[in-house]
1. If R0 is 35 Å, what FRET efficiency do you get for residue 354 and residue 320 from their C-beta distance, rounded to 0.05?
2. May I ask you to evaluate 6.51 cos²θ - 1.76 cosθ + 1.60, the Karplus curve with θ = phi - 60°, for each residue of segment 306-311 and list the ³J(HN,Hα) values in order in whole Hz, giving x for glycine and proline?
3. Which of 163/271; 196/237; 214/271; 214/237; 251/279 have a Cα-Cα distance over 31 Å?
4. Please compute the length gained on full extension between residue 200 and residue 118, using 0.36 nm multiplied by the number of residues separating them and subtracting their Cα-Cα distance.
5. Once you have a ≥ b ≥ c as the square roots of the Cα gyration tensor eigenvalues for segment 313-359, tell me rounded if a/c is under 1.5, and otherwise prolate or oblate according to whether a/b is larger than b/c.
6. May I ask you to compute the full-extension gain from residue 252 to residue 233, defined as 0.36 nm times their residue separation minus their alpha-carbon distance, rounded to one decimal in nm?
Amino acid sequence: MPKFLRIAFILLSIVLVVAAVVACVGIVKKDNPQTDDESSVSSPDGLDTEESSVVIYESDEESSVIEESSAVFEESFEESSEEVSFEESSDDVSEEPPKEDASGNDSSQPEIQGGQRDPIVTAPDGISADEIDSYYQNALFVGHSVMVHFSNRLSAWRNSVSKDILSNALLCCSSSFSFYNNLHQTPDMADNVLPKYRGVPYNIEDLPTVTGRKTVYLSLMGLNDLGMVGKPDTCAKLVSEEAIQTIEAIKNKNPDVEIIVLATTYLTRDKSYSNLNNKNLSLLNSYMLEYCNANGMDFIDVASPLRDGDGYLADVYSSDSYCHLTAEAYYIWMDILRDYATQKTQGTWVNPTSIPLFE
């Protein structure tokens, strides 16, 4: 065979091999369309009901209902060796990969100052009973996964320390829950992620009636909401509007019920997305504090004491290096709730005047 024909044959063979490889790669990508950016971003709770946790803690007179997936949360009652593991979904946040920090601030609010990773507040060594806990008799706490884990801690403390911790407060919460869900889901929907009471799902505004509780401690569930609505510069405001809609729905159906708002907690320093970041979480807290102050409602800041000197959720208070909390963080929560109860009893409680905004 002439030399030029041999060369032409070799070049044609190379072209055919390259074409075959490209075709194979195209088939693989078609079968698995998720991009690297999509797979690198996860929401705190996700919207998969098979992985969501629903925890309801009731008083001794009521049955305790705990429905949760071990793939989401594995609880140990030995506080010194508790570990938490999560499987997370990218359903709530489809944004760019994590950034090192969030920027921007509101000059009308104080900026977080610091420059170090140590927590602002040191956690107590443990938990004990306190007479002031009777203040929470017949209280109802509602929230998402951060409240689910508080419910688990509280259940453990009531079993191992004192059944009177936080009195007979009832916790109705679901890991995938958000204000968006509450506004767009109903109990008859097959895949709803609404909190349950005695095995039955309810929208928040219906819980006071079915539980008979007259005080509602409503957690700002921004960790899920922010990634679901709006753009980076609008999502915090939109979520605050969703929260206010929910509060108004509670008031309309339960005019005698008192509503207390609990701040949404923050992210660790290595977690930040377009919508879901500490800047927007602090903005959400600030918007809701402003609403509470304008409408005579109490606002309890359970988030700021868990920050480090740079304003992130302190590493020692995060169980997953993301957004969920350790037992030590919930010791601080208990101190904050007891301080609130003490000041309310003494008539000295005053809401914060502002929320430190993240820079």
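Throughout, read-outs are computed from the coordinates displayed, never taken from laboratory work. Predicted model only: the values in this text are computed from it and were never measured. FYI the Cβ positions are ideal-geometry reconstructions off the backbone, even for glycines, and counts take in every protein chain you see.
1. Efficiency at R0 = 35 Å is approximately 0.75.
2. My calculation for segment 306-311 gives 8, 6, 9, x, 9, x Hz in order.
3. Numbers: 163/271 37 Å; 196/237 28 Å; 214/271 37 Å; 214/237 28 Å; 251/279 29 Å.
In this structure, 163/271; 214/271 exceed 31 Å between Cα atoms.
4. The span from residue 200 to residue 118 would gain 25.3 nm if fully extended.
5. Cα axes put segment 313-359 in the oblate bin.
6. Using 0.36 nm per residue and subtracting the Cα-Cα distance, I get 3.8 nm.
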